[in-house]
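Reviewing the structure listed below.
The values are calculated or read from the model by the stated rules, or taken from the named source; none is laboratory data. This structure is a prediction, so every number in the text was calculated from the model and none was measured. Reconstructed Cβ throughout: ideal geometry from the backbone, glycine too, with neighbour counts over all protein chains shown.
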Amino acid sequence: MNLRDFSRRLFDFDAHYPRTIIAGVIFITVILGWKVFNLELDPGLKSMLPRDHEIVHSMEKVDELFSGSDIIIIAVESDSIFSDATLRKLSTFQDSLESIELISKVTSIFTQKHILSEDGGFEIEPILLSFPSDSSEIEGLKEKLVSSGMVNNLVSSDFKKICFIGQINSSFEYDEFKFRTDVFELVDRFNSPEKFYVSSLPITRAIVVENMQRDLRVFTPIALGLGILLLMISFRSWTGVFLPFFVVAFSILWTFGIMGWLDMPVAFIGTLVPVMLIAIANNYGIHIISHYYEYTILDPEASRGRILRKTLRKLGMPIFLAGLTTMISFMSLLFHVLPRVREMGLLISFGILVAFMLSIFLIPSVLVLVPRPTYLSKKGSFSGINSFLVWTGGIFTKFRIPVLITLLGVGTWLSLGLFQLKVDTNPDHYFPEKSKIRIANAEISEAFGGSTQMNILVEGDIFDPKILSNIELLTDHIKETHEIVTKSYSIVDVIKKMHSGFNDGDPKFDIIPDDPELIAQYMFLYSITGDGDDFDLILDDIENPSYTQIFIRLKEVQTFTISEIVDDTKQFIQANFYDESPMELTGGATLLGVLTKMVLRGQLLSLIYSILIIFIIMTIVFRSITGGLLATLPMVASVIMMFGMMGYLDIPLNMTTSLLTGILVGVGVDYTVHFLWHLRDHIREGDSMDDAIANTLRISGKGILFNGLSVVVGFSALLFSVFVPVQIFGILVMGSISFCLFGALATLPALTSLINPKFLYR
């Protein structure tokens, strides 16, 4: 069966069973849409990784051994932080914070102890024995804080801030929304005149979820409203507006409905699905209606059936190719290493498939039943747009040599920005710099050496001096190699202090003892004189530990830098002592570093596969390598130039911008396919190259233009997001699609006019 026969049978089916098709679509929509209300949101970073990834296993192990790796840091600022009244108030705050169900332990100057040398041994004494009553006692407290290493750890160097570090018991599922509410209700009770700053990954996740919900409520109506406005301006008829609208609405409902039936949560990037479908899913319907109206203008006396039959015959193959290439571009995300991105590619591909099927079945069925707009019978309809497109194409074909040279120069310059492109997956950077989250993190980072923490899990006989030496060696290497590392803490620090204290505080004994029995004795004495619970975060068992943690604190940086630290640390472990004491990198910072590399690798893989597959398909369709190159070249150029521009503008590649190539490749190639296919049709009908270009722009250019504008307008809704990466993503899509549109309507006519490819004549 050839294309002509297929399009005829398709129209016959639509024409004979229009009401059945419409009823069937509504029925399926109701069934699938029912499950939309069951959708849940999942903002977690851990879920972005494959379940069998080593970092996931490590974090689960830490959760089991140490009641989780999630922490909350609350900093308090005051000019009189050590006054009796302020300290009493903050002591009450300490007790209230510990009373929150999910917080198992709080570390602060109110709980911290230091080791003192005493009579050939050592004594464990609280940092804060009593509240200072005068300036001399305040100065004494400051000296004690300095000597015990609390400055820039629990106390800022200017002595105006102290912090509380709470361990979150994440060994069981908990309600992050309730946790956020409990924390901020407590902070609000104490937040005057002192200033409180709160930083916690679970709280960040809760805020992300709330904003995701807000974005979903805002994006969808704004994008739909803008899309309806554009369609009304473009087609000036209710049919032209609501048919693409229903295609979009149904494709969104079907996609989210499938997710509901499959119990799939909506990840952070999943909030982009409605906007992406609003922008993309109406493309096929716009082409059908645009050509249907254009053919009606050319032959106003023809029947609806005749015009529809001609429309489907002319558009059948290019629409099929456009849908296929768009689905392939998003299906290429299945090669991505991150499961959430693969899931995103699958969902959008399904939504595009739904939109394609609805466009070729639902839209013709409705057009068969409803009369055409009366204005189409008037002379001059769409003449202004058509004349502009033909004039633009004529200018670019007339001056094709200087135009192409100029475009080549600009494209080359923009492509050089690729070498400056960075990757950043830090969730803090989802928010504007003036947001409370960013301000809190900045204050904590400046005062306490950063709020980003990398953990290293060490396995073995922890009291073995060799293992302790390995821990010290690794820690020293990390601190000496990477400037952004501000602090470290491990069991080694405690043992060295006890050894020094046991030897009258002699600095030369500030080393790891070479006797494991002596180390075990130190720990036993500490448990008697102090509190064994002090080691809950760094030892799985105080008497016979098999696991310990190293804590590495980092300044706030882009996650690509963290990724470099992760890679360097792994290499150092493997090269030096992994067999002696197995070590695993874990914690939130490590997770972000791993995600960074995986985003970059996944982006490159999906881009290469999608371009290659689409090039092969276009080469087969046009039976020409030249045809395959012409169909993909404007899109590839747009991808390169856009990423180059991101490099120049210091816009990082992240979880949202990584989807940019899918849109560019999938949507951008649609415009070139439609142009080349209709150009070949006009040449086969006997037009010269110049006439064929003009007729293509006159009849098909309007559909290409409206499609491009619908994508730009649809994604403009992202500018209303509270997430910075989403806003940037919207701007990038709008700019890149404009590049693709320019390439199809201006650059491609100039290029085809210059080379006059032979495949257009076959």
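Couple of notes before you dig in:
- Inside region 694-712, residues that are under 26 Å from G735 (Cβ atoms) and surrounded by 21 or more Cβ atoms within 10 Å (Cβ to Cβ) make up a count of 13.
- The set of residues in region 456-477 that are surrounded by fewer than 21 Cβ atoms within 10 Å (Cβ to Cβ) and closer than 24 Å to E60 by Cα comprises E459, G460, D461, T475.
- Matching residues in region 482-527 - criterion: being out of contact with any helix residue (DSSP H, G or I) (no Cβ under 9 Å at 6 or more places or on another chain) and farther than 20 Å from N152 by Cα: D504, G505, E517, A520, Q521, F524
- For region 403-412, the criterion of being closer than 30 Å to M645 by Cα and in contact with a Gly (Cβ under 8 Å, 6 or more places away or on another chain) is met by none of the residues.
- Residues in region 362-386 that are in a helix (DSSP H, G or I), modelled with pLDDT of 75 or more and surrounded by fewer than 13 Cβ atoms within 10 Å (Cβ to Cβ): 1 in all.
Here's the yes/no breakdown for (1) part of a helix (DSSP H, G or I); (2) in contact with a Ser or Thr (Cβ under 9 Å, 6 or more places away or on another chain); (3) at pLDDT below 80:
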residue	(1), (2), (3)
F715	yes, no, yes
L719	yes, no, no
V722	no, yes, yes
F729	yes, yes, yes
M734	yes, yes, no
L741	yes, no, no
A746	yes, yes, no
T752	yes, yes, no
F759	yes, yes, no
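Yes or no, residue by residue, for (1) acidic (D, E); (2) at pLDDT 80 or above; (3) under 31 Å from the mean Cα position of the chain (by Cα):
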residue: L243; (1), (2), (3): no, yes, no
residue: G257; (1), (2), (3): no, yes, yes
residue: A267; (1), (2), (3): no, no, yes
residue: V275; (1), (2), (3): no, no, yes
residue: N282; (1), (2), (3): no, no, yes
residue: G285; (1), (2), (3): no, yes, yes
residue: Y292; (1), (2), (3): no, yes, no
residue: T296; (1), (2), (3): no, yes, no
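- Cross-chain or 6+ apart pairs with Cβ under 6 Å, region 563-587 first and more than 13 Å from L474 (Cα to Cα), then hydrophobic (A, V, I, L, M, F, W, C) and at pLDDT 85 or above: T586/L457
- Output for region 660-683, where each listed residue is under 16 Å from L315 (Cβ atoms) and more than 41 Å from the chain's Cα centre (by Cα): D681, H682
- With respect to the conditions (1) under 21 Å from S638 (Cβ atoms); (2) at pLDDT 85 or above; (3) not assigned by TED's automatic domain parsing to the domain that holds M276, I401 falls short on a single one, namely (1).
- Residue in region 715-731 that is under 23 Å from F320 (Cα atoms) and not assigned by TED's automatic domain parsing to the domain that holds Y284 present: no
- Test for L321: is it at pLDDT 80 or above and surrounded by fewer than 20 Cβ atoms within 10 Å (Cβ to Cβ): no
- Identity of the residue in region 411-445, surrounded by fewer than 16 Cβ atoms within 10 Å (Cβ to Cβ) and over 24 Å from the mean Cα position of the chain (by Cα), that ends up modelled with the highest pLDDT: W413
- Some residue of region 581-588 being more than 30 Å from T111 (Cα to Cα) and either at pLDDT 75 or above or surrounded by fewer than 21 Cβ atoms within 10 Å (Cβ to Cβ) (or both): yes
- V390 being touching a Lys or Arg at 6+ places or on another chain (Cβ under 8 Å) and of a type in the set (V, I, T): yes
- If you go through region 480-513 and keep only what is over 49 Å from the mean Cα position of the chain (by Cα), in a loop (DSSP other than H, G, I, E, B) and of a type in the set (D, E, K, R), you end up with D504, D506.
- Those residues of region 665-703 which are in contact with a Leu (Cβ under 9 Å, 6 or more places away or on another chain) and under 30 Å from L605 (Cβ atoms), in sequence order: V665, G668, V669, D670, Y671, T672, V673, H674, F675, L676, W677
- Filter result for the condition that a residue is assigned to a helix (DSSP H, G or I), modelled with pLDDT under 80 and buried (at least 21 other Cβ atoms within 10 Å of the Cβ), over L600, L591: L591
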